[in-house]
Structure formats: structure tokens, C-alpha cells
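What follows is a set of notes on a single structure, which appears directly below.
No value in this document is a laboratory result; all are computed from the given coordinates. It should be emphasised that the depicted structure is a prediction, and the values quoted were computed from it without experimental measurement. Using ideal geometry, Cβ is built from the backbone for each residue, glycine included, and neighbour counts are taken over all protein chains shown.
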Amino acid sequence: MKNWISRLRGGADNPAVAKAVPAAAEDGEQPGGVAAGIEATYYRWLTASAGYDAPAEVETAILDQVRALARDPAGAAELVPRVPEVIPQLLRSLQDEASNAELARQVAQDVVLVAEVIREANSAYYRPMSPVKTVEAALMMLGQNGLRMLLARVAFRPIIKLQATGFTRVAAPLVWNQSEKCALAASLMAPGLTAGAFEAYLAGLMQNLGVVVGLRLADRVCEDGKVPGSSEFGLQLLAEGRNLSAAIAQHWDFPQPVADAIAHAGDPDGENLAQALALGDRISKLRVLIDANVVDDDDDFVMEGLDNFQRRCLGKLSMIES
């Protein structure tokens, strides 16, 4: 795990919440303003099919377990899958600036990667003039940085979308969708904040890992696939989940700035990388809520505080498939 991270650096609609009122408006003004309102609305949407009015002792038990895992990142890391072996091989080649022919040969060893690379090159994000049909042509379209991001995404997908039971089985794909969008949005925000685009991308992919682990813990504590559904609990779980993600990132030898950015993404005075991650997270959650018909794309709740570039980024995220 530690080696492949260093190589990376080298070189769903739910009818229960359709048109739901944002939590900030429904519950009153949230501490932290619009950003906290977006977080609360996102959590309420995520848990709409399973959220219930949990007793305080249940909420406390779950949050205490998440905090305990953050103090034991080695134990927490054992709860998630490891990375496919082909990923480190390809990252070594990227670091060594291998030719496209060599990269194509290595990609061709894994049928899943072949499909991913060609699908990515034909996506609305890249908009090829004609369909891309070969691995070699797809790699030309993506470039080495695009391939690095794709490899990171392929590596993280089974980690976030881990096989689970109960509510987590439903929630994990939704969280992964937001993670992908967050990673891209953070990488687009990073250059304007003099932060590294790929480090921001990694942070975006990684920051929800602790949230998924927290939902698994909630499944164990609660019954019948239910989880606490209150906005207040959701805000705490998302915050403690980020702390857990940061602890695991540090255990896996992520670059220290990436782990720090995850830990401090909610801080208004965080470092540049943390600010890029926080912006990417906010924009991506708005995109998810718009796509789920929870809010309209022209609501004040959506547009408040976003400049023109950030609004364009919000639109660009609609090209990312769920």
C-alpha cells in the first residue's frame, strides 16, 4: 500500500427525498452556515431510505467507535480491501516515463483496465471527435496525468464500494459517486490555490473512506438496516469520518499534506490543499443533490458563495457518470 501511493505521486434518485427541502432551511440555521447546511442536506438525502430518530446513546456509541478507530488506524485499515496488484506495476511505468506501447501492453493484461481506459477516453469529459476503440488511442487521449487519475480511481473504487450488508450496501455506491466528483472538482480548484492537482485528487478520493467505515459501524449498532438520520448526527459523522480517513491515509504513507488536507478540509483557515478539497467537496455534494432532484441548480442554496469558475466546475461534474 505504501509503495503504490508514492508511485501515484510520481511523474441515484430516491423518491423519498425528491425535491426535499434543504436541511438548513428545514432545521433552522445550521452552525457553520451554508457549508454545514449542504453537509446536513447531503447526509439526510444519503440516509433517507434508512434514517430514523435514534436514541442519543446509539448516536454516541457509533461516534465513539469511529473516534476509537481514528486512534487505531492500523486496525481501521484492516476493515477495507487492498489495492489490485496491476496498479503498482502501472504506476512504476508511469514514474519511469514508459512509452505508450509499454503502457498499453501492461493495461492489456487486465480486461477491467482495458474497459476502463477505453470508456474514459470516450466519456463526455474528453469528448473525442470519433469513437476511441484501441488502448493505444485511449492512452493518447488521456495523457499520463489522466491515466494516473484513472488508476487512482480504479484502485480506490473497491476500497470505498466495499462489499457490505445492511444500509452500507446501499450507501457505499452513492458515497463513491460523490467521491469521484469531489476528486475531480478538488483537482480543478487546486491550481488557483497554488496546490497540487493530483494531491487534491487523491484527497478527494480518500476523504470518504472513514465515512463508509462509520456507516458499517452504524449497521452493527442499529437494527433492520437503519441508521441515525438526524442532521446533527450526520454533521458529526461526516466530520469524524474525515478524521478517520486522515488517520488511515497517514498509516498508508500518503503524502503528509494530503492527510492534513483531509483532516482540515472543514477548517476555514486550512492550508491551500485543504481549501481546494473543501471547495471540491462542497461543489460535488451540490452536484449530487441537484442530480438527485433534491435542489434546483439555480437555488440560492446552490449558488450562494460560488464564483463563476466554481459554477462552471459544478456544471462540468454533470459529465461524470454515476
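Taking amide H positions as modeled 1.01 Å from N, with prolines and chain starts lacking one, the residues under 5 Å from G51 and 5 or more places away or on another chain are V227. In a DSSP loop and with at most 10 other Cβ atoms within 10 Å, there are no trypsin sites (Lys or Arg not before Pro) in region 271-322.
Between R67 and L79, the distance separating the two model label sites (each 7 Å from Cα on the Cα→Cβ line) works out to 1.5 nm. Sorted fewest first by neighbouring Cβ atoms within 10 angstrom, L113, L209 come out as L113, L209. Counting other C-beta atoms within 10 Å, and keeping those with at most 12, which DSSP coil trypsin sites (Lys or Arg not before Pro) do you find in region 99-178? For trypsin sites (Lys or Arg not before Pro) across region 99-178 that sit outside H, G, I, E and B with at most 12 neighbouring Cβ atoms in 10 Å, the list reads K133.
Spin-label pair V112-Q256: with each label point 7 Å from Cα along the Cα-Cβ axis, the two points sit 3.4 nm from one another. Using θ = phi - 60° in the Karplus curve 6.51 cos²θ - 1.76 cosθ + 1.60, the 3J(HN,Hα) couplings for region 303-315 round to 7, 4, x, 9, 7, 4, 5, 5, 5, 5, 4, 4, x Hz; x is entered for Gly and Pro. Estimated at 0.36 nm per residue, the fully extended path between S318 and D300 surpasses their Cα-Cα distance by 4.6 nm.
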